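One structure below.
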Amino acid sequence: MIEICALASGSNGNCYYIGNQHDAILIDAGISARLTLTRMASRGLAPEKLKAIFITHEHFDHARGARVLSKKLGIAVYYTRPTWNAIPSSDRPLLSQFFEPGDAISSGSFTVHAILKNHDAAQPCSFRVEHNGRQVGVFTDIGEPCDKIKTSLQQCHAVFLETNYDEKMLWEGSYPFPLKKRVASEVGHLSNVQALELVQQHAAPHLECIFLSHLSKENNTPEKALETFTPLQQRCRIKLTSRSEAGEVYLLK
Ligand SMILES: [Zn+2]
Ligand SMILES: [Zn+2]
């Protein structure tokens, strides 16, 4: 079995827990170490199980808590070299490890597949985490889905999938025009509709749960994201994530 939980998800911080009876890992550490541990405790998740932290890219909402959490727990943080180079030296953990896009990294009883993605960062990666033939994707901060992400989604049984913005809210909203263009660009973020189409066109029948993730505070609402996914309600479970508290712990059997 695999337990998954979004400890934080949104443009102000991202941290995703993936564990089993023995081991656990975090994908991203974009909230403080203290908040990460508080939120794990609120869902009964034991920090002693954590074996490693994997960072998708250097943006602060994904990487800012890594150094302190690594020191507190004595666990390694994995980066690509360009991502590590883009992080201020004062924020780099002593226990840093390196991988390359395309690598499959063993951590405890998990295999973590690193997949290069389209986003405006040094060398951004998505991750697909595998244990006993079950696969969980963490696919956020994607400007445009590439073939690698489509193939990877086909293998997933559960996925944290970015639904960053509602197109109407973005274009009619208060962001300056260059920022609107960046968000909607091929190296920005996925909209609700783009995420829906990605699942409709590429997910396999064995996909059982989608967590709508990394919602923009300004340009989306949980209701709009959920409503966009209505066509998939009969096919799999659709769940929300939150920026302000840990979400439910979902059990993938
Ligand atoms: Zn982000
Ligand atoms: Zn980002």
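At-a-glance table
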read-out: Amide hydrogen neighbours beyond the local backbone of LEU190, cut-off 5 Å, H modeled; value: ASP141, ILE142, ASN164
read-out: Inter-label distance for GLU48 and GLN154, nm, one decimal - labels placed 7 Å from Cα along Cα-to-Cβ; value: 4.2 nm
read-out: Cα-based Rg of the chain normalised by 2.2 N^0.38 Å, two decimals; value: 0.92
read-out: Residues in the stretch 213-238 reached by a label modelled at LYS168 [backbone nitrogen below 16 Å; 7 Å Cα→Cβ]; value: 219-230
read-out: Least to most buried among MET1, MET169 (fewest other Cβ within 10 Å first); value: MET1, MET169
read-out: Spatially proximal lysines relative to LYS117 (Cα-Cα < 18 Å; intrachain offsets below 8 disregarded); value: LYS148, LYS150
read-out: Where labels lie 7 Å past Cα in the beta-carbon direction, separation of ASP103 and VAL249 in nm; value: 2.9 nm
read-out: Cut-off 11 Å, label 7 Å out along Cα→Cβ of LEU232, residues of the stretch 194-216 by amide N; value: 194-204, 207-213
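Readers should treat all values here as calculations from the given coordinates under stated rules, not as data from a laboratory. Please read these numbers as outputs of a predicted model, since none were measured by experiment. Cβ sites come from the backbone with ideal geometry, for glycine too, and all protein chains shown count toward neighbours.
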